[in-house]
1. Can you name the residue in the range C:82-102 that is more than 11 Å from chain A (Cβ to nearest Cβ) and in contact with a Pro (Cβ under 8 Å, 6 or more places away or on another chain) and is also surrounded by the fewest Cβ atoms within 10 Å (Cβ to Cβ) among such residues?
2. Could you please let me know if B:L40 is farther than 30 Å from A:G336 by Cα, under 25 Å from the mean Cα position of the chain (by Cα) and modelled with pLDDT under 85?
3. Do we have A:E339 as charged (D, E, K, R) and within 22 Å of A:F440 (Cα to Cα) here?
4. Is one or more of the residues making up the range C:186-206 of a type outside the set (V, I, T) and surrounded by fewer than 17 Cβ atoms within 10 Å (Cβ to Cβ)?
5. If I ask for residues that are hydrophobic (A, V, I, L, M, F, W, C) and more than 8 Å from chain B (Cβ to nearest Cβ), which ones from the range A:377-407 would you list?
Amino acid sequence: MSKFKISNSFGQQTRREFLATSSAGMTAAAAAAATASMPGSAFAAKKKGGTLRFSTRSDARGLDPQRNVIYYVSHPLAATSGGLLDIDKNMDIVPAIGEEWTISDDMKTYTFKIRKGVTFHNGADVDAPAIKWNYDRVRDPKTSHSFHRSFFKLVKEITAIDKYTLRIDLELPSAVFLASVTYYPVNLIAPNSVDQVDTHPIGCGPFKFVSWKRFAKTEMVRFENFWQTDAAGNSLPYLDAIEGYPKKEDKVRLTALRTGEVDLIENMSYADAANFKKTQTANYNTWDIPQVGCGYLAVQSKTGPFAMDHPNGKLMRQALSHAIDKEAIHQAIFNGLSESLNGFYGTASSWHMPDIKNIKEYDPEKSKAILRKLNAMNTPVAVVARQAYSYMHQTGEIVYSMLEEAGFKVTNEVFDNPVLRKKYKKSDYGVDSTANSYRFEPDQWYSVNVLSSGPSTKLRTGYKNEAADKLIVAARATKDKQVRMEMYTDVESMVNEDAAIIYTHGIPLTSAATKKLKDYQPAFAGPFNISNGGVRTAYMEG
Amino acid sequence: MSDQQLQSRQRVDTISPDDTPFAIRMRRIRTVSRNAFDELLKSRTATIGAIMMIALISVCILTPVLATHPPTKPNYRIRLQPASADHYFGTDKFGRDIYSRVLWGGQRIVLISIAAVVLGLALGIPLGVFAGFFGGRFDSISMRFVDGLIAFPGLLLYLLIITVAREWKLEGFWNDLILVFALGLNTMPEIARLTRGTSMVESKKEYVEAAHVVGENSMYIALREILPNIVSPLIVNATVRLGYIILIIAALSFLGLGTPPPTPDWGSDLNVAREHMESHPMIAVYPGLAICYSVLAFNLFGDGLRDILDPRIQER
Amino acid sequence: MLIYAINRIIQIIPVIFILSVLVFGFVHALPGDVIDTLTATDGEEDPEVRAALEEEFGLNKPIYVQYFIWVGNALQGDFGKSLVTRRPVNIELIERIPATVYLALVGIGLSIIIAVPLGTLAAVRRNTLTDYSAQIVSLAGISIPEFWFAILCILLFALQLGWLPSSGYAPLFSEPGKSIWYLILPALAVGFRQAAFTTRLTRSSMLDEISKDYVDTARSLGLSERKVIYKYTLRNAMIPTITISGLQLASLLGGTVVLETIFSWPGIGLAIYSAIQLRDFPVIQAGVLVLGIMVVIINLLVDLLYRVLNPRVGMG
């Protein structure tokens, strides 16, 4: 065992003794020691590195990762994210700072063994007390975003048993709690950096924050003490720096790639994607992200003609569902790049459920028949959508026409998010054309949006189905994936029949980069800061 | 004989001792109008502008007859098709007929522009007349208010008004009404200042005092005397403003504050057409051309009017 | 003159005051709950948390109290903290305002450099090909929607020709070379439109001047045509041009949102627009107020400049 003294560049901690006890750390240390003294070593050969210029559609809203959702698909700042557990290329949960864990038999206690020697960007230790501090901060409504907070709903108590062991006790048994401690949702920050969290955040991810010029540029550099190494023992990541450039205009972002001003872009417009893939493959790589999210229609079923407790509510909702032509949406909005969905997960996901039952699709005559029978022709329906996402309000536009054809009296409105939330609260809408980003843990979708006590369910649809509720709660406490899939299949069949949520489409995404970017493979649902791909394994050639 | 001499001759010819000042005025306006028409023909800009404008307005009026398809009816099997006998301008990304959309969109946008300018005039003229004529406290306060409005940075005023109004449950018509209100509100300051300037000048003239002595109501004097004098610059201003408003509406659509879909709107259509700009450029051409044409028409006509009416202003 | 200037400066104060009231009022009329945005609560709301946040941001006081607190702090240069980024609003603004001013100034400057020679040439060579070409180009410039023109520029100059960067920004004082490089295309987009407008204005002013008596006099005195044009008429024609360009600059400051979005130019327009969407009240208030004050000051300077250049107008 060798000891290394590391004086860190931030000068915040004066002396640290670096004890490399884990095998990975040993290898790294040994390799470093060995190569440092040998001139003709493998290290002296071409070192992977380079600066990646990454252009995205949106910019981060703020730097505090627990108050702002730093979306792991499209905010470059997500490269600085680090959490207890990681996600890999297949959207599976893998060890990271949490090396091992045990789950009690009653599934109410999770105990994590923390990897030794991991530090934050300023040299502070990432240990159990630090992680506990982070999770407590996320659980406090005064300091966190509800998205992050919702993942800790079931938590009863968090205890740092010793420096490297963390125990979490839950109120109810859960087989899925691991998903709550990955870096997305909870990105760890150094407790002693909380005062500067809005101006210069200190995390523990593969890249360090350098500067943020809002709307213009985000700068990040490689974190030299990142805990992860590659198979040969070289410290990850390879890239020296990442520069993020937010460019809202699709055409402008694409032009920046084609002129060589940036190296990587995400979110190519659907209209451009098909053409680009055909004509530009000589100089560019593209990555199809088949399902970055799931598009669906949320029917307001708390009050009004579609309400859950209205005697005709179910038939009316089914009338809505029969009127939707998913193929039309497929072609018109997504240019044929995605797939229509019967449930939350598309075919690219390991959670795809092929046996879901659905009521008859696209039969406007049936809608009209229902409306006539119930004497409900020209029932007013307010279609709403969020301004910020064009596929949402464009889908709303098509849905408007389809519902009109089916005999409803439709209005169409597009709103900013704050106004939309107000409308949700007041139940002041009919059908919301919306989408949800991919959830690698199904419970995160079902218990939030389908379970009748779920926060989004209560806010938006007001969906209530006891049988589905029972299945969702049971699935949460079931370890066997196959069994869970069967349970969720039944839930989805019920959802389709009740039609308070009408799944329409997988939301695809196309990213593209110059061929000089090597070994960059985002996860199939889009995240680029993953354990075995993305920006951790990428490097620039030349 | 020069025009001026001809006119004087006409004026002298038609005045008789029994004519009231008002009758003289009216006759003079009639003469001016008749001469204006001759002048119009002489100015090439004005003629072209007038023809373009008349064509535009005729098309707007005749839209229900000229349109071939309902503008909001989508048909996914005929998306993005080129021009054909059935669809003169082809179809857009939802399969809707572009030709009909341009027609209905035109009717809507021209109506909104005209309504907004009329609102601006309706608000600005009285404000300016009273401010200029009566002066004093009212003048100071209202002009500071107007200056405050002018200082409000351009587009942002619209952003705020429309964002505020979006909240209320509104169907197409009410949305348009808010747009008219916002645009009219932004037109008002300029009109008020223009009117104020002229009415201040007029209020100091002798006939006002004379009217006072005779015992006529100052309000009546104000309107009767001032209005004919401000007509010229106002018409020019209003016409040019019409074109400008169309561009503002296009910009608002770009920012996502235009009318919600699927109402036909040149700005929105142009905005959405950007996606397919490289593969199907023609979808963008038609609404774009429509915008350019209308703005040009109003600008040319306004310019032409300025050419005609200015000499008359300088004459006085 | 001095007295007039001081008078005008004093008159600004009530305008700014009214502006601040307008801004504050509009912003607080925005629908959408601040607390809700802050916490983004999904339905469940802890009244304690709401109370704590309202306390922190002073939202529990009556609105006029909030206004006075805001004004009081603003006079000391404290505009509060952004609700979204939680950084002081000053940071948000200080980085943004120079970018917009920089773009607007260079844009207007470019427009004058292009428009004055072009307009003069068109006026001097009236009804020739030069004149017609200039007119056509400037008519095109004023009738194309801004965002459309900007995108076409990018596709042409950046993508097809590869001469200029498509978008981006670098601050002037730290990276002057790069900064100017990124500035060219956006400034061109701004400048072209302004140039179109200014060209027509210059042309018509020059035409007016040329037709005046003193020109004939100068010619008959034997002065060369060149001297007549450039020394006398141009100088006089410049007065309206410069003053209107100044006013254009003022109105430009509030209207750059569209171009800033397209060129990813991190200016104040973009910041305020984003703040409006996110209901970031402190930023909206501060941004609009600062912009408004700048507009008022520019208008004042232009007014004074005009009276200096054109003593005939006087101080009335």
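1. C:P98
2. Here the answer is yes, as B:L40 does meet what is asked.
3. yes
4. no
5. Hits for the range A:377-407 are A:M377, A:V381, A:V383, A:V384, A:A385, A:A388, A:M392, A:V399, A:M402, A:L403, A:A406.
Okay, residues lined up against (1) modelled with pLDDT of 90 or more; (2) at the interface with another protein chain (Cβ under 10 Å from one of its Cβ atoms):
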position	(1), (2)
C:L105	yes, no
C:I108	yes, no
C:T120	no, no
C:Q135	no, yes
C:L156	yes, no
C:A170	no, yes
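Let's see how each residue does on (1) surrounded by fewer than 22 Cβ atoms within 10 Å (Cβ to Cβ); (2) in contact with a Pro (Cβ under 6 Å, 6 or more places away or on another chain); (3) modelled with pLDDT of 95 or more:
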| residue | (1), (2), (3) |
| --- | --- |
| A:S437 | yes, no, no |
| A:R476 | no, no, no |
| A:K479 | yes, no, no |
| A:D490 | yes, no, yes |
| A:G506 | no, no, no |
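For every residue, the table says whether it meets (1) over 24 Å from the mean Cα position of the chain (by Cα); (2) within 13 Å of chain C (Cβ to nearest Cβ); (3) within 30 Å of B:L159 (Cβ to Cβ); (4) of a type outside the set (A, V, I, L, M, F, W, C).
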site	(1), (2), (3), (4)
A:K409	yes, no, no, yes
A:E413	yes, yes, yes, yes
A:D416	no, yes, yes, yes
A:L420	no, yes, yes, no
A:Y424	no, yes, yes, yes
A:A435	no, no, yes, no
A:Y438	no, no, no, yes
A:D443	no, no, no, yes
A:Y446	no, no, no, yes
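The values are calculated or read from the model by the stated rules, or taken from the named source; none is laboratory data. Model, not experiment: these values are computed from the prediction. Counting neighbours? That spans all protein chains shown, and the Cβs are built from the backbone with ideal geometry, glycine included.
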